[in-house]
There are 2 protein chains.
Amino acid sequence: MIFTTKAEYGVRLLVELGRQGSENPVSLKAIAEAEGLPLAYLERIVALLKKFGLVESQRGAHGGYSLARPAGEITMDEAVLALEGVVAPMSCFVDDSVDRKGVLCSHDHDAGHGCATKLLWTRVQGGMVEAMRRTTLAELIQFSSRQTSRQTSRQTSPLVTING
Amino acid sequence: MIFTTKAEYGVRLLVELGRQGSENPVSLKAIAEAEGLPLAYLERIVALLKKFGLVESQRGAHGGYSLARPAGEITMDEAVLALEGVVAPMSCFVDDSVDRKGVLCSHDHDAGHGCATKLLWTRVQGGMVEAMRRTTLAELIQFSSRQTSRQTSRQTSPLVTING
DNA sequence: GTTCATTCCGACCGCGTTGGTAGGATAAGA
DNA sequence: TCTTATCCTACCAACGCGGTCGGAATGAAC
């Protein structure tokens, strides 16, 4: 499994928050009951989202959480980054779009030829990040509302079956 | 981290195998020493590749492993599938390109609206699988050979930095 | 100003997976 | 028959995950 339940629960939490509108903050208890998730665990998860500035909190009675921005301006790469930390295919993987020293890798001992897997992990990460960046929270809210009705015709990516 | 060292070691093993040409089989010991990887662990990893039909083995003295197919015909989605098993973003994620029942998800209890994260995970998996399918073993071999020379100009995907 | 609902915070903990190791059985060339 | 290699199973420590617990701080309501 790629992501942990932090990403799953956290995104669902965001969706639930966005679904409520932006009137008054929603308590975690309400969300936990609506989604059937453990409250104490959700507390720790929402802290990640707050630290990253995706949600705002109101303490005390009638307090709760609300989106810090409109759902259309929250992309999933932000959310997942906040929830899971840096998403990298491999522990040795360092994105060298910043520091261009060629191949930064713990396996550089095999002198002569560089890290053989670098190209692969770069592409994989690129594909994932691109998919997350073009998905907004607003889309997820809309998607989860019109479920079970008609089939979503606009399939953005060809969806190759891997587990079949 | 998305993948475990199985994928890392396994792909490096394949690259090393492809680099040797297809004359006679290469022993794991040679690969382990070349890549600085634990031999006993490599044995278990190569077993996965063999079970999936990506490598062939020759037992006994002067035995070893060799690619079952030309490197250009081995795509990385096969390799990763053999090494890591089914790659899914989330444990509840089921690819419904086969069985179209709408949203198959363990979180279907929230009646009315479907699984909110389904769209996201579908896109993420699609992006990953696509990236792996278009990457052949031959590419990795070629890539790892011309390392440290000039910069690879043809960057297939825009590679957005996420950990910056 | 007490009460209650809520966010906030840190410690704890069982469990499964990961990344190895150990030891041997089997096969085949010299 | 010795050596080199694949094969196979069991074992193990360390770590992360998913979750709980207990208790602060905070603020609205009465």
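Note on A:K29: lysines with a C-alpha under 24 Å away, same-chain residues under 8 apart excluded, are A:K6, A:K50, A:K51, B:K118. In the assembly of identical copies, A:G53 has its label point, taken 7 Å from Cα in the direction of the beta carbon, separated from the corresponding points by 5.2 nm (ascending, one decimal). With its label point defined 7 Å out from Cα along the Cα-to-Cβ axis, A:L39 lies at 5.9 nm from the matching points of the other copies, in increasing order. Ordered by the count of other Cβ atoms within 10 Å of each Cβ, fewest first, A:I45, B:I141 give B:I141, A:I45.
For the stretch A:22-55, applying the loop criterion from DSSP together with a ceiling of 13 other beta carbons within 10 Å to the GluC sites (Glu not before Pro) yields A:E23. Residue-wise HN-Hα couplings along the stretch B:134-146, as the Karplus relation 6.51 cos²θ - 1.76 cosθ + 1.60 with θ = phi - 60° gives them from phi, are 8, 10, 9, 4, 4, 4, 5, 4, 4, 4, 6, 7, 8 Hz; Gly and Pro carry x. One residue of chain A places its C-beta nearer than any other to the axis carrying A onto B; that residue and its whole-Å distance are A:G127, 2.
Any read-out appearing in this document is the output of simple, stated calculations on the displayed coordinates, not a laboratory observation. Only a predicted model underlies this, so the values are computations on that prediction, with no experimental measurement involved. Reconstructed Cβ throughout: ideal geometry from the backbone, glycine too, with neighbour counts over all protein chains shown.
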